[in-house]
Amino acid sequence: MVWFAKRRKTADGLLGIETGPEGIALARVQRVPGEAPRLLDCLFRKAAPAEQPAVLRALVAERGLAGTAVNLVLHPATYQMLLLDAPDVPAEELRDAMRWRVKDLISESLDQVVVDTFRLPEDAYRGRSRMAYCAVLAKARMQALGDLVEQAGLHLQSIDITAMSFRNLGLLAGAENMNIALLRLRSSEGLICVQNGADLYMARRIEQGLDSAGGDYGAVTLEIQRSLDYFESQLGKGYINRLLLLPTKRDGAAALQALGSGLAVKLQALDLRELFPGQPAAELDGAEQAYCMAAVGAALRQEVL
């Protein structure tokens, strides 16, 4: 999924950037054929939204990043995600077809939003129907994000959503030929994404978060297990081979222990130090990693349309 793409050489690496209410995260990944990807930069700066343009410009100057290609990953609060039946149209016509399907499901008019979409793999839902995810973003928000990147002296190459960013993390974590689920828990909600190889099969919101747990993770565990059961029973891809918990801003160890004891699948922690062993930019604590993971996933993007 990508709203905007221009070809650009990325010899200096691809930047992943995520802006959010608390600040801005930046990661830079360099790929060399035949070698594992290298995490050259990874950091988070606290900044109110109004301060973020100046903060990003300062980071670009400090790190010598002017002209670097950027894959911007949207903060979950900035867009709407919908799962809908996919019409039987060629791939190049899918986006336009899905725009008309979402028009009655959103509060804005179609001329005020941009819509992008991707189909689930053909073997999802046991072949009963073809489904597609649609992401809806306000045009004004898209323009503001583009201006943020360009005015910092960077080159906006693509815009992605959280689920696709996590898909890239899953690929690096070993998703080839197996079902991997990545779980992120935030204060009020969460997200679970399931993939096999590069194919994303499910991106499901978890309605419970760290705050709602209040030390008792029973309700969170139940909702996660229901999502795993749904994948195994409805999508026809078998069992989850690995379930990975992304770093959390707080209570990470407690969440890992509490959730792990109540799930049918072994829960493991995903750590940047394991994905990028021996690389200085990966030496962040759990809270810092939590802020940066989506940006790292964005920087791992390989497709350039």
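The values are calculated or read from the model by the stated rules, or taken from the named source; none is laboratory data. The structure presented is a predicted model; accordingly, all values stated were derived computationally and were not measured. Cβ atoms come from the backbone with ideal geometry, glycine included; neighbour counts cover every protein chain shown.
For the subset of segment 68-78 comprising residues that are out of contact with any Asp or Glu (no Cβ under 8 Å at 6 or more places or on another chain) and at pLDDT 95 or above, which member is surrounded by the fewest Cβ atoms within 10 Å (Cβ to Cβ)?
Selected residue: 69.
Taking the conditions exactly as written (touching a strand residue (DSSP E or B) at 6+ places or on another chain (Cβ under 9 Å), at pLDDT 90 or above, surrounded by 19 or more Cβ atoms within 10 Å (Cβ to Cβ) and among the basic types (Lys, Arg)), does residue 242 satisfy them or not?
Working: touching a strand residue (DSSP E or B) at 6+ places or on another chain (Cβ under 9 Å): yes; at pLDDT 90 or above: yes; surrounded by 19 or more Cβ atoms within 10 Å (Cβ to Cβ): no; among the basic types (Lys, Arg): yes.
Taking the combined requirement at face value, the residue does not satisfy it.
Of the residues that make up segment 252-261, is at least one part of a loop (DSSP other than H, G, I, E, B) and touching a residue at least 12 places away in the same chain (Cβ under 8 Å)?
no
Residue under question is residue 194, and the condition is that it be buried (at least 21 other Cβ atoms within 10 Å of the Cβ) and modelled with pLDDT of 90 or more; does it hold? Talk me through it step by step, then tell me what you get.
Details: buried (at least 21 other Cβ atoms within 10 Å of the Cβ): yes; modelled with pLDDT of 90 or more: yes.
Taking the combined requirement at face value, the residue satisfies it.
Can you tell me which residue is surrounded by the fewest Cβ atoms within 10 Å (Cβ to Cβ) among those in segment 144-175 that are within 12 Å of the chain's Cα centre (by Cα) and of a type in the set (Ser, Thr, Tyr)?
To start, the set of residues in segment 144-175 that are within 12 Å of the chain's Cα centre (by Cα) comprises 159-170.
Checking the rest, the ones that are also of a type in the set (Ser, Thr, Tyr) come to 162, 165.
On the way: 162: 23, 165: 26.
So, considering only residues that are within 12 Å of the chain's Cα centre (by Cα) and of a type in the set (Ser, Thr, Tyr), the one surrounded by the fewest Cβ atoms within 10 Å (Cβ to Cβ) is 162.
Within segment 176-190, how many residues are within 23 Å of residue 238 (Cβ to Cβ) and surrounded by fewer than 21 Cβ atoms within 10 Å (Cβ to Cβ)?
3
May I ask you to verify whether residue 291 is hydroxyl-bearing (Ser, Thr, Tyr) and not in a loop (DSSP other than H, G, I, E, B)? Even if it seems obvious, please write down each step before you answer.
Numbers: hydroxyl-bearing (Ser, Thr, Tyr): yes; not in a loop (DSSP other than H, G, I, E, B): yes.
Spelling it out, residue 291 is indeed hydroxyl-bearing (Ser, Thr, Tyr) and not in a loop (DSSP other than H, G, I, E, B).
For segment 148-155, state whether one or more residues are under 30 Å from residue 54 (Cβ atoms) and free of Cβ contacts under 8 Å to residues at least 40 places away in the same chain. Even if it seems obvious, please write down each step before you answer.
Our first condition is that a residue be under 30 Å from residue 54 (Cβ atoms); within segment 148-155, this holds for 148-155.
Imposing the further condition that a residue be free of Cβ contacts under 8 Å to residues at least 40 places away in the same chain reduces the set to 150.
Yes, that holds for at least one residue.
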